[in-house]
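The values are calculated or read from the model by the stated rules, or taken from the named source; none is laboratory data. Treat the numbers as computed from the prediction; the structure is a model and nothing was measured. Cβ placement follows ideal geometry from the backbone for every residue including glycine, while neighbour counts extend to all protein chains displayed.
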Amino acid sequence: MAASYTHMKMKRILFIIGLLVVENQYAQSYNLDSLISIIIKDIEKEQIKEQGEFYPGMFYSFRGAAVFPHNFQPDNNIFFTAIGSFTLKNLKKDIAPKHQIVIDSILAKSSRSFPYYQNKNGLPLYNFWPTGGKIMPHSFIAQHLTKQFTISEDADDTVMILMSLLNKDSSNNYVKKRLEEVSNQGSAGKQIRSTYKRFREYNAYTTYLGYKMQTDFDFSVQCNILYFNYAIKMGLGKQDSATLELLSAMTKERLYMKRPRYISPYYGRPSLILYHLTRLMARFHPAELESYKPIIIEDVRTLLSTAKTPLERVLLSTSLLRLGARSSLPSEREIQMIRWMEQHKFSFFQARPAYWCRPWLKSILLHAEGVNYNFFSPTYDKILLLENLVLHQKNNTPTSY
């Protein structure tokens, strides 16, 4: 087992000790900049240094079945390294120059792991697991069925990696064209079946980039695709307009609260969907979504009042800050829990095989936890905490603890 995995297990053991000293630690009255420095050092320390089960530069991650016995295992997906790098790159401009140097070092190292996940023909498309490697490593059955269940490159990993790199216009153009081709009713001739009938005519973006993969809609993935298309500044086409209209229709119905797993199978929680939605809104302010800001803020506050895990509270707090609403800093205990303890109770990403099924079967399988898997990354959890602290600092939240 990878040394990094053993290291993270030791951190779990040390968590209780950390809590015992937390009151004394914070008696030193840390301010936000000190906390930001501490979290960045945590991230830098945890980044994979040596070749093993994970490639150097990656952020350690693991996977567990949604039901007991969870069988938590290391999982060498690129997803958390991709979204973590994207988040760190976006935060750079809002932190002190002394921290930017460290962030640059982390990003340079993480970028070296991306080629292992790139399309086998060198196209600017990226897989969730290493190209040519096993799916679901350490699983009892799935890893032995890699050839039978080959999964194509996906939009999430591809756009996040490209936005993390100093990518070329040629790569952006290629990916944008592929996204349009495989969209619902695009030139590849794909047609979605796994959504409500009222949404099936939207010429919106799908999750997977392979021509043979089933078409599906994931609200959060579509937010990421739109973020990419806005960011590369190459013009928005009919698929962008259709996707925005779809997100607007789903937001109007508040399906992120009523049917989160149905509209976003890979994220599947209201807090996660709203995290992605508010990130898109805060950066690019799409007119189709702006009118829903008051109700989104109200829903986020409702979720925050009942959130039970520190990581979910951080995500919801970040969503409020993005929309210009007030939010409290994480508590001392919440910060230490995220720093020292793997967050088994809150998964940022889930694998649900029901994404492609017809609605009646999809509704059943989405809640059949025996076939669903949760994915975690302690390092990415710290990046989410860092993002929240930086936003608080930017919004002039009182800095002393």
Picked from segment 162-172 (must be loosely packed, with under 14 Cβ neighbours inside 10 Å and in a helix (DSSP H, G or I)), the residue modelled with the highest pLDDT is S170
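Across segment 58-75, what is the number of residues that are part of a loop (DSSP other than H, G, I, E, B), buried (at least 20 other Cβ atoms within 10 Å of the Cβ) and of a type outside the set (S, T, N, Q)? Break it down into steps so the answer makes sense when it comes.
Quick first cut of segment 58-75, residues part of a loop (DSSP other than H, G, I, E, B) only: 58-61, 66-72, 75.
From what is left, the residues that are buried (at least 20 other Cβ atoms within 10 Å of the Cβ) are 58-61, 75.
If we keep only those that are of a type outside the set (S, T, N, Q) as well, we get 58-60, 75.
Residues flagged as part of a loop (DSSP other than H, G, I, E, B), buried (at least 20 other Cβ atoms within 10 Å of the Cβ) and of a type outside the set (S, T, N, Q) within segment 58-75 amount to 4.
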Checked segment 88-132 for anything touching an Asp or Glu at 6+ places or on another chain (Cβ under 9 Å), buried (at least 20 other Cβ atoms within 10 Å of the Cβ) and assigned to a loop (DSSP other than H, G, I, E, B); matches are I95, L125, N127, F128, W129
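So which of V221, V175, V159 is crowded, with 23+ Cβ neighbours inside 10 Å and more than 23 Å from L91 (Cα to Cα)?
Values: V221 fails: more than 23 Å from L91 (Cα to Cα); V159 fails: more than 23 Å from L91 (Cα to Cα).
Going through V221, V175, V159 in turn, just one is crowded, with 23+ Cβ neighbours inside 10 Å and more than 23 Å from L91 (Cα to Cα): V175.
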Cβ-Cβ under 9 Å pairs, at least 6 apart or on other chains, segment 257-282 side over 18 Å from N372 (Cβ atoms), far side part of a helix (DSSP H, G or I) and among the acidic types (D, E): M257/D299; L274/D299; M281/E290
Applying the selection to segment 309-335, what residues are surrounded by 21 or more Cβ atoms within 10 Å (Cβ to Cβ) and polar (S, T, N, Q)? S317, T318, S319, S327
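Considering every residue within segment 234-252, establish whether at least one is in a loop (DSSP other than H, G, I, E, B), surrounded by fewer than 24 Cβ atoms within 10 Å (Cβ to Cβ) and among the charged types (D, E, K, R). Quick ask: steps written out before the conclusion?
Start the filter on segment 234-252 by keeping residues that are in a loop (DSSP other than H, G, I, E, B), which leaves 234-237.
Keeping just the survivors that are surrounded by fewer than 24 Cβ atoms within 10 Å (Cβ to Cβ) gives 234-237.
Filter again for among the charged types (D, E, K, R), leaving none.
For segment 234-252, residues in a loop (DSSP other than H, G, I, E, B), surrounded by fewer than 24 Cβ atoms within 10 Å (Cβ to Cβ) and among the charged types (D, E, K, R): absent.
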Select from segment 185-201 the residues that are closer than 28 Å to S271 by Cα and either among the aliphatic types (A, V, I, L, M) or surrounded by 24 or more Cβ atoms within 10 Å (Cβ to Cβ) (or both) and list them in ascending order. I192
Subset of segment 265-308 that is outside any helix (DSSP H, G or I) and small (G, A, S) - its residue that is surrounded by the fewest Cβ atoms within 10 Å (Cβ to Cβ): S291
Only one of (1) in a helix (DSSP H, G or I); (2) farther than 19 Å from K362 by Cβ does not apply to R198, and that is (2)
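Take segment 37-76 and flag every residue that is among the hydrophobic types (A, V, I, L, M, F, W, C) and farther than 18 Å from P378 by Cβ. Write out each step before concluding.
Restricting attention to segment 37-76, the residues satisfying the condition of being among the hydrophobic types (A, V, I, L, M, F, W, C) are 38-40, 43, 48, 54, 58-59, 62, 65-68, 72.
Matches in segment 37-76: A65, A66, V67, F68.
Would you mention how many residues in segment 39-57 are out of contact with any strand residue (DSSP E or B) (no Cβ under 6 Å at 6 or more places or on another chain) and either assigned to a loop (DSSP other than H, G, I, E, B) or modelled with pLDDT under 95 (or both)? Before the answer, list the steps.
Quick first cut of segment 39-57, residues out of contact with any strand residue (DSSP E or B) (no Cβ under 6 Å at 6 or more places or on another chain) only: 39-52, 54-57.
Among the residues that remain, those that are also either assigned to a loop (DSSP other than H, G, I, E, B) or modelled with pLDDT under 95 (or both) are: 47-52, 54-57.
The number of residues fulfilling the criteria is 10.
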